[in-house]
Amino acid sequence: MPKKNLRIISLVPSQTELLVDLGLEKYLVGITKFCIHPKELRKTKTVVGGTKNIHLDKIKTLNPTFILCNKEENTKEIVENCQKIAKTHVSNVFTLEDTFSLIKEYGILFSCEEKASEIIKKIKKDKIDFEDFIKNKPRLKVAYFIWKTPWMVAANNTFINHLLQINQFDNVYQNLERYPEINIEKISEKNPDLIFLSSEPYPFKEKHIILLKEKLPNTTILIVDGEYFSWIGSRLLGAFTYFTSLRKRIANLSV
């Protein structure tokens, strides 16, 4: 298919950002309401719903040639409905290597291999630099919260857990799978050094730090940038700089 005929709908915020960074913004015709990077995008593209609830009529009207989904972000029903409309690509990312494979695949699929290669090369360099920075830092036990009511954490077999490991953070819920609900009254039994409250998908605030401090008075509790811990794609271009500053911040709090 000639590139000029591309009409892409992205139902995954991180992948939307990746498309823009690959130089494909002009071929992007539909996005979700959660596609917030770059911030002006929602003014120029058609919003077709959220990641879990979409408007199929809007998608059909846009006459897409590709619809981009993600196994974790979008439901099986959404994917199946999209497949009836246009060629649908479903990503499934758990590790950095998976991310590199996805970026490379987009490069081939949308004829932007050189730009895709540049992004991958930069992320890999940043990771090597970060590993040099982190190698002598202490391993710390952490619980990473993604939701409240019910309280839910990121556990094993998640991209978040993979990035925690790279940061030399030991997930105290490593024995559980995916995003389990946990009993907050028993969190002290896990004896975490750190509690991370993600900025998304649940918008944790200072009041939640105060609430948890009552249960864990001696534990450092921080709100962290959820995008850097969970967004696949080109958001990783800034992730390792963020992880470095986070480690320095934690070290200063311990002094």
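The values are calculated or read from the model by the stated rules, or taken from the named source; none is laboratory data. Worth saying up front: this structure is predicted, and the values here are computed from it rather than measured. Using ideal geometry, Cβ is built from the backbone for each residue, glycine included, and neighbour counts are taken over all protein chains shown.
Structural remarks
- Wholly enclosed helices (runs of 4 or more DSSP H) of region 1-74 bearing at least 2 residues closer than 18 Å to SER91 by Cβ and either in contact with a helix residue (DSSP H, G or I) (Cβ under 8 Å, 6 or more places away or on another chain) or in the same structural domain as ILE232 (by TED's automatic domain parsing) (or both): 13-21
- Exactly one residue out of ILE67, ILE59, ILE8 is in contact with a Pro (Cβ under 8 Å, 6 or more places away or on another chain) and either in contact (Cβ under 8 Å) with a residue 60 or more places away in the chain or crowded, with 21+ Cβ neighbours inside 10 Å (or both), and it is ILE8.
- Which listed residue, of LEU11, LEU6, LEU24, LEU18, is touching a strand residue (DSSP E or B) at 6+ places or on another chain (Cβ under 6 Å), of a type outside the set (D, E, K, R) and within 28 Å of GLU114 (Cβ to Cβ): LEU11
- Any chance PHE133 is farther than 18 Å from ILE8 by Cβ, assigned to a loop (DSSP other than H, G, I, E, B) and out of contact with any Gly (no Cβ under 8 Å at 6 or more places or on another chain): no
- Taking the criterion of being buried (at least 17 other Cβ atoms within 10 Å of the Cβ) and more than 19 Å from the chain's Cα centre (by Cα), the residues of region 28-44 that qualify are LEU28, VAL29, GLY30.
- Counting residues in region 84-93 that are in contact with a Pro (Cβ under 9 Å, 6 or more places away or on another chain) and either assigned to a loop (DSSP other than H, G, I, E, B) or under 15 Å from ILE166 (Cβ atoms) (or both) gives one or more.
- Some residue of region 114-135 being among the polar types (S, T, N, Q) and crowded, with 16+ Cβ neighbours inside 10 Å: no
- Filter result for the condition that a residue is more than 28 Å from VAL48 (Cα to Cα) and not assigned by TED's automatic domain parsing to the domain that holds LEU216, over GLU105, GLU80, GLU131: GLU131
Condition check ((1) without any contact (Cβ under 8 Å) to a residue 40 or more places away in the chain; (2) more than 21 Å from GLU97 (Cβ to Cβ); (3) not assigned by TED's automatic domain parsing to the domain that holds PHE240) across all residues:
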| position | (1), (2), (3) |
| --- | --- |
| GLU113 | yes, no, yes |
| LYS124 | yes, no, yes |
| ASN183 | yes, yes, no |
| ILE187 | no, yes, no |
| LYS190 | no, yes, no |
| PHE204 | no, yes, no |
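- Single residue of region 168-186 satisfying the filter (under 14 Å from PRO150 (Cα atoms) and of a type in the set (A, V, I, L, M)) that is modelled with the lowest pLDDT: ILE184
- Residues in region 195-240 that are more than 19 Å from VAL172 (Cα to Cα), surrounded by 17 or more Cβ atoms within 10 Å (Cβ to Cβ) and hydrophobic (A, V, I, L, M, F, W, C): PHE204, TRP231, ILE232, LEU236, ALA239, PHE240.
- Among the residues of region 84-99, the ones that are aromatic (Phe, Trp, Tyr) and either surrounded by 20 or more Cβ atoms within 10 Å (Cβ to Cβ) or out of contact with any helix residue (DSSP H, G or I) (no Cβ under 8 Å at 6 or more places or on another chain) (or both) come to 0 in all.
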